[in-house]
Structures are given as C-alpha cells and as structure tokens.
Amino acid sequence: MVFKEDAPVGAFEIEKKQGEEVLYANYLRASFVPSIADNPAIMDYVITVLADNPNISRMVFVQQRNYNYPSEQVLMLSEIAGIYVFLTKQENILSPEKLSVFGNVPQIYQEINYFLTLLRQDPIGSYFELKRRIKEGREQMEKSMMGKSSFMNYVRLLERIVLLLENSKLIRYVLANNETYIPNSREIYKKIFRYDILPNFSFTRLVAQIPKDAELIDQYEIEDDMENITVTILKRKNEGKYFYHIMPPEYSLSEEQHMLLTLARNVLVEHRPKAEEFTDPEKTRNVFMNVSKGLLTELSNSKGISLNYRELNKLASILVRHTLGFGLIEVLLKDNKLQDIVLNAPIALNNVFVRHEKYDECVTNIVPSFEDADSWAAKLRLQSGRPLDEANPVLDTELLFGNTRARVAAIKEPLSPNGLAYAIRRHRDAPWTLPLFIKNKMINSFTAGLFSFLVDGSRTLLVAGTRSSGKTSLLGALMLEIMPKFRVILIEDTLELPADSLRKNGYDILRMKVRSALVQGTTEVEASEGIRTSLRLGDSALIVGEVRSEEAKALYEAMRVGALANVVAGTIHGDSPYGVFDRVVNDLNVQPTSFKATDLIIVANPVKTPDGLHSLRRVVQVTEVRKHWQKDPLEERGFVDLLRYNVEKDELEPTPELINGDSEIIKAIAASVKGWAGNWDAVYDNIILRGKIKQEIINIAEKLNKPEMLEAPFNTISNNAFHSISEEVMKEFGLPVSEEIFPRWRKWALDEAKKF
C-alpha cells in the first residue's frame, strides 16, 4: 500500500482479497513505532477503527518498515470493539434516560465515560478496574451510604459489562494464564500483541517471534557468501509437525538500509523486464545485480550512508530477489536440507509448509501475500512461455537461479477455487551419484554395481515410484554411469535432470524441451514428436524425464529401435512392476507386446519408520521383464525380481534367481562380451567388483575427509579409470579379473584423491 506524501497520520485504507480484509494505516510521518502493546493511543485508534469496520482480519501500520498484526490478535481487539459498540450504540448507556436510573447522574456519567475510554486504551485495565469498582460498590451498599435501589442498578450494569469482557478472548487469555496485571503497566500486552515486521518492498509476512512453549530441536546456518541466514527447528506441544523458523537478512536491516532498499526498488520497478529477457534469466539476474549495486552505491553516497563491500552485496542480493526474483521463496530454496515447498490457497491465510530431509513436513514462519503470489505467477509465465489462466489453470515449469534448481507446479481458478497455490520441488544443487545414494542407504553397494553393469549393457530402464520417492534423482545418477564418449539426448517437459552439471563434467548432451501434457495451444513441440525426432539424430542414449501421456507410444518405438544401440531410460509413476505395466498399457494405450521392450523396472518408494513420523527413500525392487509372455506378465511370470527390499535389514538383497544366474537380461549382456558368454561366475564377479568400487569411494572420502569425492566430477573420472583399467586387464588376462582391476583402481583413486 502506497500513501500520498501529504496523507495525514492515521489515514487508512481497507483492501479486500479472497476472504481477507486488510487495513493499511498511514504512520509514515509518525515519529514513533505504532505499537499496540506499548502505546495506549495506538490501541485506542485500533479499537475505534474496528468499531466501525468489524470485518477487518489483519492490520498493517505503514512506515519505513511495515508492522503487521495477524488475524488472531486483531480478532481479540475486534471483540473488545464489539463490546464498546454494544455499550455505546445499542445499549446507549451514556444517554440521560439510562443514567437517570443510577442516581447521581454527573458522577455516574463521569465514571462510565472513564471506563469506556479505558476500554479502548487498556481493556485489561478496564476489566480489573470494573471488578474493583463492583467490590467497592457492594461494600458501599452494605453500609447504606447511597440509595440501594438506584445504586444496585448501577452495580448490576458494571457486572454485565464484566461478564461481556470475561467472554472475550483477551480476558479469557489473561484469566487462563493467571497473568498478573500491574496498573498503568503495558507489560502484559507485550506478551499478547506482537507485530511482524514487513519490509515495505515485500508484502510477504514473517513471524519473527519464536512460538511460546516451543522446544529447541536444532539450529543451523544456510551457507551463503553474501548473507547470514539462520534456521531454527522447534517442536511445539501436542503438534505433529516441527516448526521451521527462518530469519532472512531483509527482516533485520537497519532503518537506513531499509530506506535505501525502498528508494532503490522504486527506481528498479520502473524497468519491467521484457519477455525476451526471461529466456536467459541468469543473465538478466546478473545484469540486475550489477545495476542494483551501482544504484545502491549512488543512493548511499547521496544520503551519507556508509556501506562496506559485504553490506552492498547483501543489499543488492535482497533487492534483486524482491524485484526480479521470487522473494522469500528463494531464501527457502537456498536451504539444501529442504526437498519440497508448498503454498496452499488462499495463499495469504496459510503459512508456507516445507519438507525437510531430517524433520519431514514442517510449518514455517512465512505467510505469503496475494500480491507476491500474483507477481510470481506472472514471472513464471514469462520464463516458461506457458499460460496460466482460466483455460489453462495448471503451470508446470522450472525455477533456476545460481546453482539452485527447482520444479514448480502452480494452479489457480477454477481448478483451485481459493486462488493461486504452488508446489515447489527443490533439486539438489549438484547431481546425485550412486555413492551418495549408498551413503544415504537408498541403495547398497551391490545394487550400485548392478545398476552400473546394466547401464553399460545398454538396457531399457524405467525408474518407477510415487511422488517424492527420488526417482528423478536416481535417473540422474544413472545418467552418470553412461560413458561420456556416448552422446545423450535428454527429453523433458520440465527441466529437472542435471544436464548442465553433466555437460560440465564432459558429457555430450543434447537437451530437448517439449510441451507438457497439461498444456494446450503453445508453440512447444509435443513430447511424442520430440522422441521421434531423437531417433533421427544419430546413435545416442535416450533419457525421457517422465513418461506422462501419449508420448509413451513413441517412447516404446524408441525402445525397440534403441535397445541394442544404447541406454533408453525414463521415469514413470507406479509403485510396482505390475503398476507400471497397468499404467503403460491401460492408461497410456501402449500395446502389451510393445511393453516387452522394457528390460528392467526399478521401483523406488518411501518406507515409513515404525513410529509413522518419518519416511525413508529406498529402492525396494529391481525387476526384469521377460519376453515370453503374451497377455499378462504377472500371470505368465513375465516379471522376475533381481533385487528385493528386506524391511528387517533395511536393504536390498539379491534374489535366488539373480544369484543362480537366472536372468535373461544379464545373460544377453554377457553374450556380447568375450569371456562372459556362459560364464555366470565372471559376470556376477564383475557386478560385485563395480559395487565394491562404489563403496570404496565412500570409504576413501570418509578416511581423507573429502566428501567432494562422492560428487559427480570424481564419479565421472572414476568410471573412466575403471573402464581403462578393465581394458588393460582384459588385454593381459583375457577377462576383466576383479583381483587385478580393484587394486589398480584403488591405487589410482588414492593418487587422484590427493589432487582432488
């Protein structure tokens, strides 16, 4: 809300949005902070305004920093205002007719007027003052110092007012908590009425205060070069969710710094980025960052405000994220411990929820605003080139800034009747690797070895799972097992897989972005056409981000053509091999015989802990698809598990079929390798060797305290070294003998670790 410079102090406007009425009061020229708790005049102002506007649900006092009072606090004062209106207008207790039944009219008028004034400025004090006067009045009646009948009417009036107050939330809180009231002290109000500070360059609210009766569970700093951001994890009594409390730097700035940001923002908003600028959002952000630094330097010099290098960068970063960027959502995305961010509709009435890697679902101290939500939607439309309107109420896209990658799903009316809502999936800054998954127990080393073997064997793979099961991350890790000498074509409707990171590690990747199955009427190419086009681009591994719709038919065409040339892989929703078959055949209309082009199905699902409070990401099944069945692979034993999850041991175990060599897929891979055909022991030994190497990467990293060895760069050069050493051993011994390969690889790894 922007008030004119000549607007009087106390002038207000009320905005109505999606069931919420917000009062904005102008206190720009006031020389004090408009605090309800500290200032009886401000409390008087609030109750007076609420008396005429009883539907107000939130109040914001506009200054250099805005001071927001949330709905639960406003409701307390709204009840007091209602009592005031009832007494003065409906009961009209100050009218001569009413006062005449109380005896001494001038004295009673003076007393009641005092109580009503006190009710607006100090309602708790008014309550206790009324209680004192009632006690005093009854003592007077006992002594017969005044006429009993008229004075008794007066005492009864006071008792009725006391009863009204005792039914209000404010007085009930005081009585329930045995709060001690000290006359003329405002300490009790400081416990009840606490504002949230809103920078006036942002509409999103941050509840800065720590919740009462909350137990401190954890605290950590988000790593950032320019800003110090503290996260506090708390647990409140009788609540299942943890409380995620964050304190971004924009909420702890000095008044001078707030002023600089406000002035700079007013200049920057004059330049609206054009749609074409959003085709390269990172470049646009860098330009805005440099412009912001120059603008803040100029403003600070003109105002005589000193800024050091770190402060300048911090303020510029804040300015960019609250103009070009996505505000506090970007701050949350900087926390690499978060996996999901959810904003429910109506957006201004709900706290943001997050899913934490350690504490699962948490409620945050952030309450977004309608204004910011609308702004984010406009930016997402520009960045993606996709619509978000009544005809297309769903937008699937990605959010990229710095090293942060996230997938965003936005919905609006009519699909979401209460307005905009967002679900944001944060991707890891760097790609997942198989050693990282081993360390996190999603898989074990043997499983990693099998995956490495299958990818080298150019199989067709589907990674299945429910939402938040880690299937996209696992597919990204499997891509790292493809030898960099092979070209990879990556097809996605929302950019989630780590193509840029793989490219930096020497991979030859062609990324194709296709139309989302949820979008109609855009210039984007359909997913099925993208897949068919990939077949005309030469021999390549083909990776499909997610199989969602009719493109499944084209994917199975690609599997049939590409199965013998290189890896074809993708993700799909499904909680079992048969669930995948059912979805592909019955939902996506692929012929059952075409489904046989699938070689392997990897199922990843969350596993609940016994207490039901946590879930663990685990690969629970690896199944090969046999080719002999005709109609139903389940009835005709077309599915054969190679690995199965043991819930007691919390790990995958090889099945008897795998141990005994009853795997048609692995035999088919072995048949094309000299020395492996008919030699199951040599094949199984190679799978174990690959897993052993993945585990040894973890062991060396922990021993040398070099966690970076678990990341993609080392994993890539390790795979290259493994293949080179295997080739040397093959030339010497005719077989990739693990007793020769492992010690040579380990020596290489230890030497490389010193340089890494």
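The values are calculated or read from the model by the stated rules, or taken from the named source; none is laboratory data. Given the structure is predicted, the values throughout are model-derived calculations rather than measurements. We place every Cβ from the backbone using ideal geometry, glycine too, and count neighbours over all the protein chains shown. Accessible surface areas use protein heavy atoms only, side chains included; no ligands, DNA or RNA. Shrake-Rupley method; radii C 1.70, N 1.55, O 1.52, S 1.80 Å.
The calculated FRET efficiency for the pair GLU187 and ALA208, based on their C-beta separation and a Förster distance of 22 Å, comes to about 0.70. The portion of the accessible surface of the range 568-627 made up by carbon and sulfur, rounded to a whole percent, is 50 (1.4 Å probe; DNA, RNA and ligands excluded).
Taken per residue, the accessible surface of the range 1-103 reaches 46 Å², heavy atoms only and a 1.4 Å probe. For the chain, what is the percent of antiparallel DSSP beta bridges, rounded to the nearest 5? Of the beta bridges lying entirely in the chain, close to 70 percent run antiparallel. When the listed pairs LYS4/LYS293; LYS337/LYS379; LYS235/LYS379; LYS441/LYS706 are checked against a 31 Å cut-off, the alpha-carbon distance exceeds it for LYS235/LYS379. Only protein atoms count toward the accessible area here, which uses a 1.4 Å probe; on the range 172-246, the carbon and sulfur part of that area reaches 45 percent.
Here the label points at ASP508 and ALA7, each 7 Å from Cα along the C-beta direction, are separated by 6.3 nm in the simple model. Relative to the longest principal axis of the Cα atoms of the chain, helix 123-142 runs at roughly 40 degrees. Full extension of the segment from SER95 to GLN110, taken as 0.36 nm per residue of separation minus the current Cα-Cα distance, would add 4.2 nm.
Here the range 690-738 has 55 percent of its accessible surface on carbon and sulfur atoms, given a 1.4 Å probe and all protein chains in place. Nearest 10 degrees, 0 to 90: what angle lies between the long axis of helix 309-321 and the longest principal axis of the chain (Cα atoms)? Here the helix axis deviates by roughly 90 degrees.
Could you give log10 I(q)/I(0) at q = 0.05 Å⁻¹ for the chain, computed by the Debye formula over C-alpha point scatterers of equal weight, without solvent? Once normalised to I(0) and log-transformed, intensities are -0.37.
Fully extending the segment from ASN286 to GLU159 would add 39.0 nm, taking 0.36 nm per residue of separation and subtracting the current Cα-Cα distance. Which shape class applies to the range 649-703: rounded if a/c is under 1.5, otherwise prolate when a/b exceeds b/c and oblate if not, where a ≥ b ≥ c are the square roots of the Cα gyration tensor eigenvalues? Oblate shape, in that a/c is at least 1.5 and b/c is the bigger or equal ratio.
Computed over the range 332-448, the convex hull of the alpha-carbon atoms projects to a mean area of 8.5 nm². A Förster radius of 41 Å combined with the Cβ-Cβ distance from TYR309 to LYS754 puts the calculated FRET efficiency at roughly 0.75.
Rounded to the nearest 500, the helix-only mean residue ellipticity at 222 nm of the chain stands at -12500 deg cm²/dmol, with each DSSP H run of n ≥ 4 adding -39,500 (n - 2.57). What lysines does LYS135 reach when the alpha-carbon gap must be under 29 Å and sequence neighbours fewer than 8 apart in one chain are set aside? Qualifying lysines at Cα under 29 Å: LYS89, LYS98, LYS143, LYS148, LYS169, LYS190, LYS191.
Applying both filters, DSSP loop and at most 14 other Cβ atoms within 10 Å, to the trypsin sites (Lys or Arg not before Pro) of the range 469-505 gives LYS485.
The trypsin sites (Lys or Arg not before Pro) found in the range 633-721 that occupy coil by DSSP, while having at most 16 further C-beta atoms within 10 Å, are ARG637, LYS649, LYS674.
Once the C-beta distance of ALA677 and ASP360 is scaled by a Förster radius of 41 Å, the resulting FRET efficiency is 0.25 to the nearest 0.05.
Helix 712-733 and the longest principal axis of the C-alpha atoms of the chain enclose an angle of approximately 10°. Ligands, DNA and RNA aside, LYS17 has an accessible area near 70 Å² when probed at 1.4 Å. Residues in the range 661-675 near a label at GLU727, defined as backbone nitrogen under 16 Å from the 7 Å Cα→Cβ point? Zone members listed by number: 674. Averaged per residue, the range 292-365 has 36 square angstrom of accessible surface, using a 1.4 angstrom probe with ligands and nucleic acids left out. Computed extension gain for LEU704 through LYS631, at 0.36 nm per residue and net of the alpha carbon distance, reaches 20.9 nm.
Oblate is the label for the range 15-82, because the ratio a/c of its alpha-carbon gyration tensor axes (a ≥ b ≥ c) is 1.5 or higher and a/b is not greater than b/c.
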